[in-house]
Ligand SMILES: C[S@@+](CC[C@H](N)C(=O)[O-])C[C@H]1O[C@@H](n2cnc3c(N)ncnc32)[C@H](O)[C@@H]1O
């Protein structure tokens, strides 16, 4: 995507207090989101022979639109601004829906102000602000509002990036993923199909892992099943990993169960990218689910790029765990991004 960054951050708001304060490794999360948005812009939008389909983008955890890493004093665009930029470049964007909410009313207000100003000031994209619906509502209400505005017979992409698994219960994922358009005959396969929202989900696997025995109801909420319902499925996958020689398998098993749930709605399995903290452990996992054959295969190809990115950018960072012991402020991380 080309650069439509607002002139400078201090023009928007010099105070980074309300940006998402995250570890620098979270750039990988934003890279994953950007890769899929780029497919929309480049492959669907610009290479279509005829007029490309309209698209709706939804970011239900939009925050301020900016991410900030305090130790390195580095600032970059979060999911909402990445979505706004892609929407601006896509030739036929219909609606951008950004929900920015926080229980803390002061934080909520400030995040929204920064977000609105940042979208308004996107270079060369005045139409984005006009086509954006800004909402500030708890995720349950926001989901209902978003679904009410969805053009269900056309493609849509939903970014679901909560802080905690509690904020993304399965019933919301299922509600969005089950909202389909009218069926039609696909001209390539001859099969009856319908448009289904495409989802990018941030699954907070490390929190789920830590709580799988202590607070199993967290996972129940995330997969929409009682402990008695998911435990046998969980044990089935656990055995699979043990048979494969992997005893440290809680994250893998969680992902298997979650992927199985998603595959009850979507025909393709989710594309998964794990994001490590500087210390090396996987913090969360990004998942993309789509019924679009082209989108799925293009993202699979792009994942090679992501892997390169991960290896190229991440490997040195993995080495930082040693480095960090001597340099707790991690100031040298900056050079890798
Ligand atoms: C991980 S952050 C989102 C970061 C953002 N997607 C980005 O890439 O910059 C999660 C956001 O969800 C918001 N949030 C917390 N509880 C929420 C709730 N119940 N409903 C909706 N949003 C909530 C938080 O204020 C925070 O802005």
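The values are calculated or read from the model by the stated rules, or taken from the named source; none is laboratory data. In this text, all values refer to a predicted model and were calculated from it rather than measured experimentally. Note that each Cβ is placed from the backbone with ideal geometry, even for glycine, and that neighbours are counted across all protein chains shown.
Quick one: residue 180 ticks every box in (1) surrounded by fewer than 18 Cβ atoms within 10 Å (Cβ to Cβ); (2) within 22 Å of the chain's Cα centre (by Cα); (3) part of a helix (DSSP H, G or I) bar one, so which box is it?
Looking at each condition in turn, residue 180 falls short on (3).
If we scan the range 117-126, do we find a residue that is within 19 Å of residue 157 (Cβ to Cβ) and within 8 Å of the ligand (Cβ to nearest atom)?
No, the range 117-126 contains no residue that is within 19 Å of residue 157 (Cβ to Cβ) and within 8 Å of the ligand (Cβ to nearest atom).
For residue 81, are the conditions met, namely being part of a helix (DSSP H, G or I), within 15 Å of the ligand (Cβ to nearest atom), within 15 Å of the chain's Cα centre (by Cα) and within 15 Å of residue 60 (Cα to Cα)?
Judged against the criteria, residue 81 is a match.
Filter the range 150-172 down to the residues that are touching a residue at least 40 places away in the same chain (Cβ under 8 Å) and assigned to a helix (DSSP H, G or I) and list them by number.
165, 166, 167, 170, 171
Tell me which residues, restricted to the range 52-65, are surrounded by 24 or more Cβ atoms within 10 Å (Cβ to Cβ) and within 11 Å of the ligand (Cβ to nearest atom).
59, 60, 62, 63, 64, 65
Which numbered condition in (1) within 11 Å of the ligand (Cβ to nearest atom); (2) modelled with pLDDT under 95; (3) not in a strand (DSSP E or B) is the only one that residue 68 fails?
Single failed check for residue 68: (3).
Against the condition away from the ligand (no atom under 11 Å from the Cβ), at pLDDT 95 or above and in contact with a helix residue (DSSP H, G or I) (Cβ under 8 Å, 6 or more places away or on another chain), how does residue 86 come out, does it pass?
When the stated conditions are applied, residue 86 passes them.
Can you tell me which residue within the range 224-259, out of those that are at pLDDT 95 or above and not in a helix (DSSP H, G or I), is surrounded by the most Cβ atoms within 10 Å (Cβ to Cβ)?
225
Looking only at the range 190-223, filter to residues that are more than 13 Å from residue 254 (Cα to Cα) and assigned to a loop (DSSP other than H, G, I, E, B); which one of those is farthest from the chain's Cα centre (by Cα)?
Per the criteria, the residue is 190.
Which ones in the range 133-155 are in contact with a helix residue (DSSP H, G or I) (Cβ under 9 Å, 6 or more places away or on another chain) and surrounded by 15 or more Cβ atoms within 10 Å (Cβ to Cβ)?
Scanning the range 133-155 gives 134, 135, 136, 137, 139, 143, 146, 147, 150, 155.
In the range 187-207, which residue that is away from the ligand (no atom under 16 Å from the Cβ) and under 30 Å from residue 26 (Cα atoms) is surrounded by the most Cβ atoms within 10 Å (Cβ to Cβ)?
Per the stated criteria, the residue is 197.
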